[in-house]
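In what follows, a single structure is set out as structure tokens and then discussed.
The values are calculated or read from the model by the stated rules, or taken from the named source; none is laboratory data. It should be emphasised that the depicted structure is a prediction, and the values quoted were computed from it without experimental measurement. Note that we place each Cβ from the backbone using ideal geometry, even for glycine, and neighbour counts take in every protein chain shown. Surface areas here come from the heavy atoms of the whole protein model, side chains and all, with no ligands, DNA or RNA. Shrake-Rupley method; radii C 1.70, N 1.55, O 1.52, S 1.80 Å.
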Amino acid sequence: MANAYIARVLSELESRYYHEPEFLQAAREMLLSLSPVFDQHPEFERAGLLERFVEPERVLIFRVPWVDDAGRAHVNRAYRVQFNSAIGPYKGGLRFHPSVTLGILKFLALEQTLKNSLTGMPLGGGKGGSDFDPKGKSDNEVMRFCQSMMNELYRHIGADTDVPAGDVGVGAREIGYLYGQFKRLTALNGGAITGKGLSYGGSQARTEATGYGLMYLTDAMLRHNGMDIQGMRAVFSGSGNVSIYAAEKAAQQGVRVIAMSDSLGFIHDEAGVDLNVVKQIKLKERGRISEYPARAGRGAYREGASGVWELACDLALPCAMQNELDGRSAARLIANGVRAVAEGANMPCTLEATALFQDAGVLFASGKAANAGGVAVSALEMSQNSQRLSWRFDAVDGELRDIMNRIFDTISRTARQYATPQDYVAGANIAGFLKVAEAMMAQGQV
Ligand code: NDP
């Protein structure tokens, strides 16, 4: 039974934002698991804490005009959702994808707020992006788009106010163009953007951080439950930044990576996917994963991204897009004996899929905890920028591993205290929320 205050706020949210289904889905997942907290803290209701928490502090919407290589003008929409700054400057990536809407960025910013809190670092939550599609655009077109976007965004960001980074469609190339324009406009070097290149203030291990962190947390979750990751067979969705480096760390942990996907289809290679080939195709050439069998000389390709969840595996690691793993896919994975699921992407499992995994006793780590490694190393990049120092790869990677282990301890302890021992979804939501709530209460009711 949901706490009455939570039920009221959720119902108001559902009628006000009926046109933002992803935001409502994320809010529902989070709010319903907070009931034990609100039962113990009636002062939160008196302070209107939840009504304040579910509304972003600020939303910026602006047009981004740009000119293609043929001289034609285009206009895209861009957003920055500054969701919550109670525990630090807004922090969260920028997404460039045709599906981007305000509702999707609000869901991402809400999740980011709890995720950043879980890292233990002083980071608020935000998210931004545009419906611009970098696919099929030349480098010069992407550059002109990024520069035009920054012409507006620069007024709203800064090392102590709001610090964007990459996300889907925003990798090293886009960050370079965005940062270059920010610097031209402000004459400031430093920490207003993370994910920077190593030659201009980036951190070692930032590229790998989300994927490596995902596997450190998965390993911690398995060990805590008496299982050994070594020798397990894993299926990954996506073949972008998160998926590729998660698969790389998994291989180092002795896991056999048998499948990966992109938005059009998936590859299945029982011998173990050759990640150098995937990196060459997807990161260097921006090609299709369908090219893998011919290039690697082994494995098979099948059309349809969701087919990847039909494969029998021990570990399922969704690392692509929200709602990519639905109830049907979850049922199939369970029937095929999956033992653990950890979300590399943000909200890749539908509410139905999550419930099925939890009911079946499959270990399940939600994205707020499982993919927090990226933002954690972004925070380390900010620290290095402030110090004017560059730490070695091993130092950053070691810190990342410690942070992910600490996050698992936190969500596991919180699950035991407030929910059931293996409910790591509730553990992450409650632990992330409590810190933000405490900071908001301390800072007064405005
Ligand atoms: P990338 O743009 O690097 O890669 C995205 C990958 O997902 C591509 O391989 C893309 O395929 C694939 N994809 C897109 N839509 C689908 C779909 N419907 N089904 C299957 N595959 C699909 O993004 P990232 O790796 O950076 O991000 C992936 C996820 O991880 C996102 O949810 C993001 O929010 C989350 N995340 C990212 C962090 C980071 O540090 N980058 C940090 C924390 C979370 P194609 O090439 O065909 O488009």
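Numbers for the structure displayed
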{"item": "Of residues in region 104-133 being within 11 Å of the ligand (Cβ to nearest atom) and without any contact (Cβ under 8 Å) to a residue 60 or more places away in the chain, the one farthest from Ile175 (Cα to Cα)", "result": "Leu105"}
{"item": "Options Val142, Val163: the member that is touching a strand residue (DSSP E or B) at 6+ places or on another chain (Cβ under 8 Å) and crowded, with 18+ Cβ neighbours inside 10 Å", "result": "Val163"}
{"item": "Number of the condition not met by Leu110 [criteria: (1) touching a strand residue (DSSP E or B) at 6+ places or on another chain (Cβ under 7 Å); (2) open to solvent by 10 Å² or more (accessible area, probe 1.4 Å)]", "result": "(2)"}
{"item": "Among the candidates Pro348, Pro293, Pro318, residue that is away from the ligand (no atom under 16 Å from the Cβ) and not aliphatic (A, V, I, L, M)", "result": "Pro293"}
{"item": "Output for region 41-73, where each listed residue is open to solvent by 20 Å² or more (accessible area, probe 1.4 Å), touching a residue at least 12 places away in the same chain (Cβ under 8 Å) and over 16 Å from Glu438 (Cβ atoms)", "result": "Glu51, Pro56, Glu57, Arg58, Val59, Leu60, Ile61, Phe62, Arg63, Pro65, Val67, Asp69"}
{"item": "Residue in region 74-87 that is open to solvent by 20 Å² or more (accessible area, probe 1.4 Å) and out of contact with any Ser or Thr (no Cβ under 9 Å at 6 or more places or on another chain) present", "result": "yes"}
{"item": "Test: residue in region 267-279 that is assigned to a helix (DSSP H, G or I), within 12 Å of the ligand (Cβ to nearest atom) and not charged (D, E, K, R)", "result": "yes"}
{"item": "Qualifying residue in region 423-434 (condition: surrounded by fewer than 17 Cβ atoms within 10 Å (Cβ to Cβ), more than 18 Å from Met121 (Cα to Cα), β-branched (Val, Ile, Thr) and touching a helix residue (DSSP H, G or I) at 6+ places or on another chain (Cβ under 9 Å))", "result": "no"}
{"item": "Cross-chain or 6+ apart pairs with Cβ under 6 Å, region 244-259 first and closer than 17 Å to Arg401 by Cα and modelled with pLDDT of 95 or more, then buried (at least 19 other Cβ atoms within 10 Å of the Cβ) and among the acidic types (Asp, Glu)", "result": "Tyr245/Glu208"}
